[in-house]
1. For Glu227, what accessible surface area do you get with a 1.4 Å probe? Give it in Å², rounded to 10.
2. Report the local net charge at Gly416: Lys and Arg +1, Asp and Glu -1, summed over other residues whose C-beta lies under 14 Å from its C-beta.
3. Under a 1.4 angstrom probe, counting protein chains only, how are Trp75, Trp406 ranked by accessible area, largest first?
4. Under a 5 Å amide H to amide H cut-off, with H placed in plane at 1.01 Å, what residues pair with Val367 once short-range neighbours are removed?
5. Just by accessible area at a 1.4 angstrom probe, what is the order of Phe107, Phe191 from largest to smallest?
6. According to the square roots a ≥ b ≥ c of the eigenvalues of the Cα gyration tensor, what is the shape class of segment 172-236, taking rounded for a/c under 1.5, prolate for a/b larger than b/c otherwise, and oblate for the remainder?
7. Rounded, prolate or oblate: which fits segment 324-381 when a ≥ b ≥ c are the square roots of the eigenvalues of the alpha-carbon gyration tensor, with rounded for a/c under 1.5 and prolate only if a/b beats b/c?
8. What is the packing order of peptides 459-465, 445-451, taking the mean over residues of other C-beta atoms within 10 Å and listing the highest first?
Amino acid sequence: MTAIPNQHRSVRDAYYMRTLFRRHVQGALVRSGASVFMWVFALAAFLEGHINKHQMEGVSASVAFLILINPPTLWLSRRITQINVYKYLSLLINILEIIGYTSVIYFLGGIEATYLIPIYCLLITYVGVVAHGKLPFIVASICSIAFALIVVLEYLGFLPDQFHAMGFYFPWKNQFDILFVITALLFMGAFIAYYTGNLLKENREKLRRQNAELVHAKEAAEKARDELEQRVKERTLDLVIANEQLHQKTEDLIRSNKELEQFAYVASHDLQEPLRMVTSYVQLLSQRYKNKLDQDANEFIDFAANGAIRMYQLINDLLAYSRVGTRGNPFELVDCEEVFHKSVNNLKVAMEESGAEVTHDLLPKTVADFLQLEQLFQNLIGNGIKFHGRESPRVHISARPNGGYWVFSVRDNGIGIAPEYKERIFVIFQRLHGLDKYPGTGIGLAICKKIVERHGGRIWVESELRKGATFYFTLPKEGTQQARPSEQ
């Protein structure tokens, strides 16, 4: 259980050690550069006569010391593996660096070289930025002690006064005041470096946390993406399987419908001949023996004749229904005006008997099966004539464009349809009235629906009981592709 935290700690310690070594390398480069700059500055002062040869030799030795401490310290820092030891090595390097800088300041004039105090400030600032805690104040204290030490030793005579020819000289009574001011400035710089370092530390921690959150969010996003991709693959596979199953069921349904249509056609077609024979012999029996038998026999003969005739009508209507899908003609440009007039002419007898009035607006041309469109018009107009009330039937046909379709309407003033039967009337063999009141087989509107659907449209009715009905159906303006069925 403790292996994982220890492993994480070792990883963090190794990263921290690498970071400290990089900082020591950077410090060594900065120290070397600053040392060379001070040596060049001292050389210029020597050439101008501001310092003597002894001072120039002292500056050169100090600069050589600052540069020569880099190789051994870097060698040690490379081989130290404990963080606490590394921290003490860093403090030792800072002390050696302060000794070198203080030596340079001493040989350039001591208290009169206060213009070089910014070197201390730069060191304190660098320590405050790269290090944390009390180290800036420790470095400021060491700098103050080192600078005060050379001033006091000069004052006590343990160190000889250095020649200074820059044009100014501080009396001894003022040097301690200057020393106090310099110490205060160094500690002020340490405080600023400490505060700035803490801000940088907080910002680094904040950036580290944000980076960790971003990494975590990225990992979570990648995980969510992988899960989503897996779900999409699984869902796609399910959809492919479902689509294949649906396609198979659709093909089975199409094949079943074709088989049913073919069966209905064959059955109705093959039943016509025996039924015609039965009807003929029943009618012949009625003609020869109707008045020679008793009353019950006459009624039985009438029932048989009427049943045979009704069966014959049902078979014919069923045959017509099956032919919509199996015996349709190819689509062609059809003038609906011609279709209307031919349908009305077919209903001429029914119109004269009922006194019906059939009117129409100008009807368009469309791509359709002429015979099936004629049957559609004839069935809808015929229903308007048949299902009328006390008033004479009035039927009106119109058409209007709606996008890529023509919307036809067949409006009548008949008995109307209750709302609950608006869907039922389009189902095959569904009747709303008895044969004694309105004859028929209940298959006419089912044929209408099948014709409209074959042409790519739909049919519906809007009606209220005893207020007439309006049948609507749509036909595509450009028609729909239908293959001509094979002849049987």
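The values are calculated or read from the model by the stated rules, or taken from the named source; none is laboratory data. The shown structure was predicted, so the numbers you read here are calculated from the model rather than taken from an experiment. Methodologically, a virtual Cβ is constructed for each residue, glycine included, from the backbone with ideal geometry; neighbour enumeration extends over all protein chains shown. We work out accessible area using only protein heavy atoms, side chains counted, and drop any ligands, DNA or RNA first. Shrake-Rupley method; radii C 1.70, N 1.55, O 1.52, S 1.80 Å.
1. 90
2. +2
3. Greatest to least solvent exposure: Trp75, Trp406.
4. Correct list: Val334, Gly479.
5. From most exposed to least exposed: Phe191, Phe107.
6. Cα axes put segment 172-236 in the prolate bin.
7. oblate
8. Going from most to least packed, we get 445-451, 459-465.
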